[in-house]
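In what follows, a structure is listed as structure tokens, so that the remarks can point back to it.
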Ligand code: GDD
Ligand code: MN
């Protein structure tokens, strides 16, 4: 274990109208960080109310009784929102480690020294506090809808960055320890809420990442600032980070559809009945799609992966077969029961199926092995590990 008294940490807390939470947060941080003289708290505040003066009051009280020092950066222009505030904080950090956390006590202050300690012990660049590994819990997300959105955006992000996020079950968390020295802050384009994803995905090289489980608690006071606009910003962020892999996947899928029609046409020209022609065309396109995708979409993941060639082929074919059947049933159902126009139904289903197919291939067929232990990860089991996997373990 690391000698706690040697660890210097800056706790970065972005705040927007969080006045009623400040004193309690500092009190609990003070307790959690006793015996660590190098530690301090840095509020990066964009509030439009009296939060800054509350922070200044708490800072003065801390100085008076010799508690953990409290600093404040107040921004008149909230450039980049929450993420912009975090980057501004990271620039101002003078310690080797920083821990980013929310100001509403949904993130337990007691975990701050654990996150940084793990990073130092194991020589990591980032330690993510995850709601989705053993012992973690997203309980504090209000409403099933936010849970669904949170889980599916995490899966989508992991599909788009399978290597960079190979050890990360919760790329959306706002709670993490980071060594600012490992980052190039000038490359980041912070906006919206998802600063961690930006840090992990945008840098010039993959970072060394570890995880710790945590329970996302209830807000101490006040209301969440997350909005629908944040969701839209998130999709824009994903798009700007990378569409490369996904668009190659889409292009190959499109070419497959064209090939399929061409084969049916050709075989019919040669006098074959259309039924066997359909079967042959489907078989040929499934196979060529798979080979093209191995070569042009997931090539870099093949030797990092869990399965051999035949096993990947089997999984891919099984998915495509099942998906085709389910999609036809779904189209018939929405047309008959929900009275959608058949064309609309088919178009919607194709888009949905495309995203699911991409996620399945990236997260199951080509899923990279972890390089950090998964701590009995629930998310990992649900997504990747199959029965066969488990027998081997
Ligand atoms: N400086 C600054 N500027 N801080 C902000 C801003 C802003 O524009 N918007 C929000 N914050 C602060 C809040 O004051 C709070 O301390 C923290 O950012 C998180 O905001 P919440 O409003 O509490 O967000 P949440 O609880 O809905 O979302 C949290 O959980 C998400 C995971 O589901 C955050 O941690 C997100 O980053 C995280 O993705
Ligand atoms: Mn919150």
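Quick notes on this structure:
- Summed over the stretch 190-210, residues that are within 12 Å of ligand 1 (Cβ to nearest atom) and more than 20 Å from residue 370 (Cα to Cα) total 7.
- Among the residues of the stretch 27-38, just one is closer than 19 Å to residue 90 by Cα and at pLDDT 95 or above, namely 29.
- Restricting the stretch 210-236 to residues that are outside any loop (DSSP other than H, G, I, E, B) and in contact with a helix residue (DSSP H, G or I) (Cβ under 7 Å, 6 or more places away or on another chain), the residue that is surrounded by the fewest Cβ atoms within 10 Å (Cβ to Cβ): 231
- Of all residues making up the stretch 121-160, the number that are out of contact with any helix residue (DSSP H, G or I) (no Cβ under 9 Å at 6 or more places or on another chain) and away from ligand 1 (no atom under 14 Å from the Cβ): 4
- Per the listing 251, 286, the residue uniquely away from ligand 2 (no atom under 16 Å from the Cβ), in contact with a helix residue (DSSP H, G or I) (Cβ under 7 Å, 6 or more places away or on another chain) and assigned to a helix (DSSP H, G or I) is 286.
- Filtered residue count, the stretch 10-66, keeping only those that are within 15 Å of ligand 2 (Cβ to nearest atom) and at positive phi: 1
- Residues of the stretch 22-46 that are part of a helix (DSSP H, G or I) and over 11 Å from residue 67 (Cβ atoms): 22, 23, 24, 25, 28, 32.
- Of the residues in the stretch 60-74, not one is in contact (Cβ under 8 Å) with a residue 24 or more places away in the chain, within 15 Å of ligand 1 (Cβ to nearest atom), assigned by TED's automatic domain parsing to the domain that holds residue 14 and out of contact with any strand residue (DSSP E or B) (no Cβ under 6 Å at 6 or more places or on another chain).
- Filter result for the condition that a residue is outside any helix (DSSP H, G or I) and away from ligand 2 (no atom under 14 Å from the Cβ), over 155, 149, 114, 128: 128
- Counted residues, the stretch 214-226 - those being near ligand 1 (Cβ under 9 Å from one of its atoms) and either touching a strand residue (DSSP E or B) at 6+ places or on another chain (Cβ under 8 Å) or at negative phi (or both): 6
The values are calculated or read from the model by the stated rules, or taken from the named source; none is laboratory data. Not measured: the values here are computed from a predicted model. Every residue, glycine as well, gets a Cβ built from its backbone with ideal geometry; the counts of neighbours run over all protein chains shown.
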